[in-house]
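Written below as structure tokens is the structure these notes are about.
Bear in mind these aren't lab numbers, they're just calculated from the coordinates by the rules spelled out. Fair warning: this is a prediction, and the values are worked out from it, not measured in the lab. Cβ placement follows ideal geometry from the backbone for every residue including glycine, while neighbour counts extend to all protein chains displayed.
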Amino acid sequence: MANKNKNENGANSTSLTEFDAVIVGAGFAGMYTLHRLRGMGLSVRVIEAGSDVGGTWYWNRYPGARCDVESMQYSYQFSEELQQEWEWSERYATQPEILRYVDHVAERFDLRRDIQFDTRVTAATFDDRTSRWRIETDDGGQFSTAYCVMATGCLSSANRPQFDGQDSFTGPIYHTGHWPHEGVDFTGQRVAVIGTGSSAIQSIPVIAEQAAQLIVFQRTPNYTVPAHNGPLDPAAVAEVKADYAGFRARAKRTPTGNLFEVGGRSALAVSAEEREREYEARWRAGGLPFLAAYADIMFNPVANRTVADFVRNKIRAIVDDPTVADMLAPRNIIGCKRICVDSGYYQAFNRDNVSLVDISETPIEMITPEGVSVAGQVYEFDAIVSATGFDAMTGALLNIDIRGSGGLALRDKWQDGPVAYLGLALAGFPNLFTITGPGSPSVISNMLPAIEQHVNWITDCIGYMRDKGLARIEAQPDAEAAWVSHVGEVADMSLRSSCSSWYVGANVPGKPRVYMPYIGGVPVYAQKCEQVAAAGYEGFALS
Ligand code: FAD
Ligand code: NAP
């Protein structure tokens, strides 16, 4: 049987249904997996729901969207030529610039010819008899493949809270993660933003400049650090490029795969004046390194409070209205929810056309035809921006009906939360791999190197299977259980697991609360993966 190939760039109008590997998703993870597996001589098909490559950066086109890991580090390192030839223009690249980079990669490595766009994978079923996966798509397509690589993204399944009456709203409701490609002109409009996570914090200052009136509905305030974004210094870029491999190697040795100075001392081992100087210097430098000032910030609540207090004081100094400043000042552990990196977020609340509504005690009651109703008051809008985030880490996988050996459904296996071996594989689901899955550093680290490390491991594993003439690899339940328990133990040692964040699934009603990423650090994790492979894939059964 042949499938229709909807890829305009593809050479074929029909395609084979038998592949060595099917990859689901054409973001950074799926693109690199395709490049590697094709280079090994495998027949590969990528299936992507969007109309082009880029994943996160294809979908998240909201105003102000950009990376918060520095561009020189938020990029592939697998090709020295690629990293030498690409020129980032800013410290933190904008979404359009990242998409241009993605396009460049797709062209340079001729990726699109093996990607089927506008197609959603709906089911994946393992056949114990043939040790192959059957992949089904929303257009009726069926594929048979020896290996299935889920490159479906950790932050790709939108969280859309269902407010009563929302279909009655007469204006548009936009989700930041599904932003219209043609852009949105808010000029002269009354706009609501629901949410105050990273997406909201990036978009609010930009929307505020356009809109006639902007009202932000805040359930939980977030800590954010200034980006101090700007053009990259050509001399600094040249210095990195003179030894990009060395730069990347140093980054790999850091806990989050991000090269910046990580303080080794306790925040409580220095005087209050010294701490203040350190926080001030890091605040002025900007970005995520701010939280790495001292070693115990994420482990000791007293140390954590010193830095949280510093940010709260900054908010009070920046925001003119003390009541608004107080509402914006978070009270919880800093870094428990992911900290944000902003360009003028707190300053936006000094504008006459921006106001804040606290919905922590009185949630949004309903959406009416005119706008948003809270505590009996209806706020009228022309447009609503839902910056409500994602069903993170598990959402995109559970959207697919994945059935492993003996018909085991992933939805059943993960009923009480995700269980996976190294975030790479699942007991009961042979020949299926997940990129940056639960139980790996993933979203707690710089995602580009995390993705590349997983892709290298998975493709090496497939190469090993081929060289040894093996057909089936499956994580063993005891190895999986031991890893999951280790992931939980490490999480419990940190303050990161102490609040209602999307890391624990708290943002999605009914989602089991499990701390999903592995926070033991990138070096420890990478070493464990290497040991497993070197020992002939310890913890896996191969046949
Ligand atoms: P994605 O880019 O999410 O790609 C997954 C793809 O799979 C999507 O295109 C999706 O359409 C497709 N897909 C999913 N399910 C199916 C299906 N059933 N059928 C077919 N296709 C499917 N990380 C950082 O390290 N630094 C940053 O600065 C940073 N900034 C971010 C900013 C935003 C706004 C967001 C949302 C995330 C950010 N991240 C950042 C995390 C980001 O998701 C990763 O860095 C990275 O882009 C993920 O790549 P991926 O290929 O794994 O997944
Ligand atoms: P998010 O961090 O989950 O924030 C969602 C916001 O919506 C929160 O403020 C949340 O409040 C609120 N919310 C959710 N449901 C709600 C409801 N029913 N009623 C009212 N408010 C509700 O999502 P995000 O901002 O899209 O960011 C997700 C992740 O993507 C980030 O943490 C980061 O990893 C990545 N990202 C990175 C960047 C970047 O700077 N490069 C930009 C965007 C996203 P509560 O906090 O109370 O749940």
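On average over all directions, what projected area in square nanometres does the stretch 193-340 have, based on the convex hull of its Cα atoms? If you can, show how the numbers build up before the last one.
Values: hull surface 42.8 nm².
Spelled out: convex hull of the Cα atoms, projected over all directions, averaged, 10.7 nm².
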- What nm distance separates the two modelled labels at Arg120 and Ala535, each placed 7 Å from Cα along Cα→Cβ? 4.1 nm
- Task: Could you pull out every residue, at least 5 positions away or on a different chain, whose amide H is within less than 5 Å of the one on Ser156? Hs are placed 1.01 Å off N in the peptide plane, and Pro or chain starts have none.
- Result: Met393, Ala396
- Cα centroids of the stretch 284-306 and the stretch 490-543: how far apart, whole angstrom? 22 Å
- Message: Given the -39500 (n - 2.57) contribution per DSSP H run of 4+ residues, what per-residue ellipticity at 222 nm results for the chain, rounded to the nearest 500 deg cm²/dmol?
- Response: -9500 deg cm²/dmol
- How high is the relative contact order of the chain, in percent, counting Cα pairs under 8 Å that sit 6 or more residues apart? 19 percent
- Query: What percent does the relative contact order of the stretch 190-270 come to when contacts are Cα pairs within less than 8 Å and at least six residues apart?
  - Reply: 22 percent
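Under a point-charge model restricted to the Cβ atoms of Lys and Arg (+1) and Asp and Glu (-1), what is the dipole moment magnitude of the chain relative to its Cα centre, in debye to the nearest 20? Numbers along the way, then the final one.
On the way: 47 positive and 64 negative charges, 196 e Å.
Using only the charged Cβ atoms, the result is roughly 940 debye.
Which shape class, rounded, prolate or oblate, goes with the stretch 28-89 when its Cα gyration tensor gives a ≥ b ≥ c as root eigenvalues, a/c under 1.5 marks rounded, and past that a/b bigger than b/c marks prolate? Intermediate values should be presented prior to the final figure.
Details: a/c = 3.05, a/b = 1.26, b/c = 2.43.
Oblate, because a/c is 1.5 or more while a/b does not exceed b/c.
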- Message: Please report, ordered by residue number, every helix of the chain (full DSSP H runs) that is 30 Å or longer along its axis going by C-alpha atoms and whose mean Kyte-Doolittle hydropathy reaches -0.5.
- Response: 447-468
- Task: Please list, in chain and number order, the residues 5+ apart from Glu90 or on another chain whose amide H is under 5 Å from its amide H, with Hs placed from the backbone.
- Result: Leu232
- Item | Cα-based shape type of the stretch 82-203, given that a ≥ b ≥ c are square roots of the gyration tensor eigenvalues and the cut on a/c is 1.5 | oblate
- the stretch 403-543: relative contact order in percent, alpha carbon pairs under 8 Å with at least 6 residues between: 29 percent
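With the Cα gyration tensor of the stretch 276-411 giving a ≥ b ≥ c as the square roots of its eigenvalues, does the rule (a/c under 1.5 for rounded; else a/b larger than b/c for prolate; else oblate) give rounded, prolate or oblate? Before the final figure, lay out the partial values.
Details: a/c = 2.45, a/b = 1.15, b/c = 2.14.
Judged from the Cα gyration tensor, the stretch 276-411 comes out oblate (a/c at least 1.5, b/c at or above a/b).
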- What FRET efficiency would be calculated for the residue pair Val262, Ala242, taking the C-beta separation as r and a Förster radius of 25 Å, to the nearest 0.05? 0.60
- Query: Gain in length, Val302 to Asn353, computed as 0.36 nm per residue apart minus the alpha-carbon separation, to one decimal in nm?
  - Reply: 14.6 nm
- Message: Could you check the spin-label model distance between Arg113 and Glu90? Points 7 Å from the Cα along Cα→Cβ, value in nm.
- Response: 3.6 nm
- If the chain between Glu274 and Ala235 were fully extended at 0.36 nm per residue, the gain over the current Cα-Cα distance would be 10.9 nm
- Item | Disulfide-incompatible cysteines by the Cβ rule (no partner under 4.7 Å) in the chain | Cys67, Cys148, Cys154, Cys340, Cys461, Cys529
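Are any of the pairs Lys314/Lys511; Lys241/Lys528; Lys252/Lys337; Lys413/Lys468; Lys314/Lys528; Lys241/Lys314 more than 32 Å apart by Cα-Cα distance, and if so, which? Could you put the intermediate results ahead of the total?
On the way: Lys314/Lys511 35 Å; Lys241/Lys528 30 Å; Lys252/Lys337 23 Å; Lys413/Lys468 30 Å; Lys314/Lys528 41 Å; Lys241/Lys314 36 Å.
In this structure, Lys314/Lys511; Lys314/Lys528; Lys241/Lys314 exceed 32 Å between Cα atoms.
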- the stretch 321-330 - phi-based ³J(HN,Hα) in whole Hz, Karplus 6.51/-1.76/1.60, Gly and Pro as x: 7, x, 5, 5, 4, 5, 5, 7, 7, x
- Can you list the residues, at least 5 places off or on another chain, whose amide H is less than 5 Å from the amide H of Met366, using H built in the peptide plane? Ser373
- What are the ³J(HN,Hα) values, in whole Hz, obtained from phi via the Karplus relation 6.51 cos²θ - 1.76 cosθ + 1.60 with θ = phi - 60°, for each residue of the stretch 179-184 in sequence order, with x given for Gly and Pro? 6, x, 5, 7, x, 10
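On a full-extension model of 0.36 nm per residue, what is the gain between Gln377 and Arg129, subtracting their alpha-carbon distance, rounded to one decimal in nm? Please report the intermediate quantities before stating the final value.
Details: separation 248, 0.36 × 248 = 89.28 nm, distance 6.15 nm.
Gain on stretching Gln377 to Arg129: 83.1 nm.
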